[in-house]
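The values are calculated or read from the model by the stated rules, or taken from the named source; none is laboratory data. No experiment lies behind these values; they were computed from the predicted model shown. Please note: Cβ atoms are built from the backbone with ideal geometry, for glycine as well, and neighbour counts cover all protein chains shown. Keep in mind that these areas ignore ligands, DNA and RNA; they rest on the heavy atoms of the full protein, side chains included. Shrake-Rupley method; radii C 1.70, N 1.55, O 1.52, S 1.80 Å.
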Amino acid sequence: MRYEELTIEGRNAVIEAFRSGKPIDKLFVLDGCQDGPIRTILREAKKHDTIVNYVARERLDQLSESGKHQGVIAFAAAYEYAEVEDMLALAEKKGEPPFLILLDNVEDPHNLGAIIRTANLAGAHGVIIPKRRAVGLTATVAKTSAGALNYTPVAKVTNLAKTIEELKEKGLWFVCADMGGETMYNLDLKGPIGLVVGNEGEGVSRLVKEKCDFVASIPMKGEIDSLNVSVAAGILAYEIVRQ
């Protein structure tokens, strides 16, 4: 399976990418560069809500694969993002209560890929990630997901806490993974549910945790104190499946 090129370099190529509707995750622009084509690119970026990073030439040279970046490099998603509504529609079509996995700032592409793979195997209807401070659908994510990205929709939202509130109104309730929570076996995890998993270092942010109905912890027996985030997501996802 081939992954499409993710780095788009050069002014015309980047403008074309925006105009063709390719989902662009991040834009790197030479700091202080203000000419016409760059201004056009920045206008497009604003229109598409793309994150712009102003960087020194050395950084662009580092990122460049072709050596012909002309002061601008864009990173495009390897796959189209879905909408959260698509996931609920998918659940309805399958006649199942919605089961979504939400990731609060997961930064490691291998973890994101592994979680998408688990989501697919556990029958989750989709994975929701935040726009900022988190990895998008890069080639590494796609490879690690072992093809699951073709089947499991991933949506990108501006505000995870707000998305949780909106989904609660649609009847979902939320459980987040946290060391200090109630042992997962003691919780009722049936029905329409969202599983929230935090990032590698800090876990689930306070703001997002406050929106969750339950906090679940995984019983641990060993000497080390935490599981890899993708493993934790897998264990909790399967406890939800079991119930």
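Quick notes
- Residue within the range 67-84 that is within 21 Å of the chain's Cα centre (by Cα) and part of a helix (DSSP H, G or I) present: yes
- Taken over the range 14-32, the criterion of being over 25 Å from THR158 (Cα atoms) and either crowded, with 18+ Cβ neighbours inside 10 Å or within 21 Å of the chain's Cα centre (by Cα) (or both) is satisfied by LEU30 alone.
- Put simply, of LYS22, LYS94 the only residue that is out of contact with any Pro (no Cβ under 8 Å at 6 or more places or on another chain), within 30 Å of GLY171 (Cα to Cα) and either among the basic types (Lys, Arg) or free of Cβ contacts under 8 Å to residues at least 40 places away in the same chain (or both) is LYS94.
- Subset of the range 112-127 that is among the aliphatic types (A, V, I, L, M) and in a loop (DSSP other than H, G, I, E, B) - its residue that is farthest from the chain's Cα centre (by Cα): ALA122
- Residues satisfying the criterion are present in the range 197-214 (criterion: closer than 20 Å to GLU165 by Cα, modelled with pLDDT under 90 and open to solvent by 20 Å² or more (accessible area, probe 1.4 Å)).
- THR152 modelled with pLDDT of 85 or more, out of contact with any strand residue (DSSP E or B) (no Cβ under 6 Å at 6 or more places or on another chain) and within 17 Å of LEU236 (Cα to Cα): no
- From the options LYS162, LYS156, LYS190, residue that is open to solvent by 20 Å² or more (accessible area, probe 1.4 Å), under 24 Å from ALA91 (Cβ atoms) and free of Cβ contacts under 8 Å to residues at least 12 places away in the same chain: LYS162
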